[in-house]
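Reviewing the structure listed below.
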Amino acid sequence: MKRGRKTNEANSSSSEETTEKESKRHKVIDEKTIVVQSPDWANLLQDIILQVFQYLPLLDRAHASQVCRSWNQVFHMPDLWRCFEFELNQPATSYLRATHPELIKQIIKRHSNHLQYVSFKVVDSSKESAEAACDILSQLVNCSLKTLGLISTARPSFMDLPKSHFISALTVVFVNSKSLSSLKIDDTPVDDPSLKVLVANNSDTLKLLKMSSCPHVSPAGILCVADQCHGLRELALNYHLLSDELLLALSSEKHVRLEHLRIDVVSENPGQTQFHSIQKSSWDAFIKHSPKVNLVMYFFLYEEEFDPFFRYEIPVTHLYFGRSVSKDVLGRVGMTCPRLVELVVCANGLRPLDEELIRIAERCKYLSAVGLGECEVSCSAFVEFVKMCGGRLSQLSIMEEVLIPDQKYSLEQIHWEVSKHLGRVWFPDMMPTW
């Protein structure tokens, strides 16, 4: 009887302990569940919210600002509006999302004085989108921009606008900024008088100017910029703006060493554009003043228009041929471009470039990147070219149809041989990668 009572008491005690443990375990789980299910989003540090907002598209950022008062305060912080890109298009002509007009009004009203790094991206070719960009520019009277970019991904757009309307809007920014350091205005109707306004207000701060395809600018206009903006380090322009006087101005003792000069040599219709020559002495003075400059040249010419080029040594480092280029021109490249670092040839014709590549490998000791498109090179000559250049070829993009099998190498063998000389695995490309 006593034994049975002890057994019942033991069972009862064990049951109570199990119940108590289960109760504690559920209590802990419940407490954890409460913590997970009820986070206090409003009390997140604003610095953390600011970091998150910087990665959100504008419309998502605007929606998130409606969550609570704290998030709305972060939405209007000046740090969030220093760098901004206006995306402009017409719904009828583009499927891409544009910056909402109501948001643009709010930005101009509350944050125009916070904007510092601004770009306008026109993603369609409509005149309306370009006009919208000009309307926004003309309202930025209280801002002090440091960088401005006008990007038109579908031409013409800005060139379709009345010149006076565009210049008036751009001048507002030039006059009010006072500290503009970077300006990208490719494919726009900017002209010489507007560049004088730019220089008058921003000569001490301007370091980068990209203005390819600006037909209303003359060599005198760009020379004015070089004469006054002694801190200019990067410049991009069309060849018709390049002159001996410009190179000498960029080589003066007052001017800092230029780091990057891009020149676009473009012809729309064969035989209708006359290309002038630059004296070798001007190039020599330029490279003496800026010995480490990257000189990038893009050629979009027809074969008969290459005559003024590569007749004597020039300090080009990056060379791109966007149209067919003759064997003769590529042969001259090997003789006149000792600083060449990168060479891209999109097309050549049906005559093999064996001798030309070998000459380039011999004389261009800094060559480290090569791309060949619609050309022909024998497999043996290509292997010899790679062997001469060796491991310094960090980029080698060659279309498979460029390589012509010969008695020494087949297409199956060449990748092993080239890989051996490069010191890494290499295969021909199936499509252009440049």
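The values are calculated or read from the model by the stated rules, or taken from the named source; none is laboratory data. Because the structure is predicted, anything quoted here is derived from the model rather than measured. Backbone-built Cβ (ideal geometry, glycine too); neighbour counts: all protein chains shown. Heads up: the accessible areas ignore ligands, DNA and RNA and are worked out on the full protein's heavy atoms, side chains in. Shrake-Rupley method; radii C 1.70, N 1.55, O 1.52, S 1.80 Å.
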Counting only residues 5 or more places away or on other chains, whose amide H sits under 5 Å from the amide H of Asn294 once H atoms are built in the peptide plane?
His260, Leu261
Given the options Pro291, Pro193, Pro270, state which has the largest fluctuation in a GNM of the chain using a 10 Å cut-off (strictly under) for Cα springs.
Pro270
Length-normalised contact order of the chain, Cα under 8 Å, at least 6 apart, in percent, tallies to 6
Once Asp264, Asp186 are ranked on solvent-accessible area with the largest value leading and a 1.4 Å probe, the list reads Asp186, Asp264
Rounded, prolate or oblate: which fits the range 295-335 when a ≥ b ≥ c are the square roots of the eigenvalues of the alpha-carbon gyration tensor, with rounded for a/c under 1.5 and prolate only if a/b beats b/c?
oblate
Between Glu245 and Met430, what is the spin-label point distance in nm, taking each point 7 Å from the Cα along the Cα→C-beta axis?
5.5
To the nearest 10 degrees, how steep is helix 219-228 against the longest Cα principal axis of the chain, on a 0 to 90 scale?
60
Judged on accessible area alone, 1.4 Å probe, highest first, Lys163, Lys254, Lys387 line up as Lys254, Lys387, Lys163
Just read off the accessible area of Tyr298 with the full protein assembly in place, 1.4 Å probe, to the nearest 10 Å².
60
Among Asp187, Asp47, Asp244, the residue with the largest mean-square fluctuation in a Gaussian network model of the chain built from Cα contacts under 10 Å is Asp47
Could you compute the FRET efficiency for Asn142 and Tyr117, with r as their C-beta to C-beta distance and R0 at 22 Å, rounded to 0.05?
0.85
With the Cα gyration tensor of the range 293-434 giving a ≥ b ≥ c as the square roots of its eigenvalues, does the rule (a/c under 1.5 for rounded; else a/b larger than b/c for prolate; else oblate) give rounded, prolate or oblate?
prolate
Set of the range 313-348 residues, backbone N closer than 18 Å to the point 7 Å along the Cα-Cβ line of Ser397:
317-325, 341-348
Whole-Hz ³J(HN,Hα) from phi, Karplus 6.51 cos²θ - 1.76 cosθ + 1.60, for the range 367-381, glycine and proline x
4, 10, 9, 9, x, 10, x, 7, 10, 9, 9, 5, 4, 5, 5
Take the alpha carbon gyration tensor of the chain, find the square roots of its eigenvalues, order them as a ≥ b ≥ c, and report rounded if a/c is under 1.5; if not, report prolate when a/b exceeds b/c, else oblate.
oblate
In this structure, among Lys207/Lys288; Lys121/Lys207; Lys288/Lys327; Lys163/Lys207; Lys184/Lys254; Lys288/Lys420, pairs with alpha-carbon gaps over 28 Å are Lys288/Lys327; Lys288/Lys420
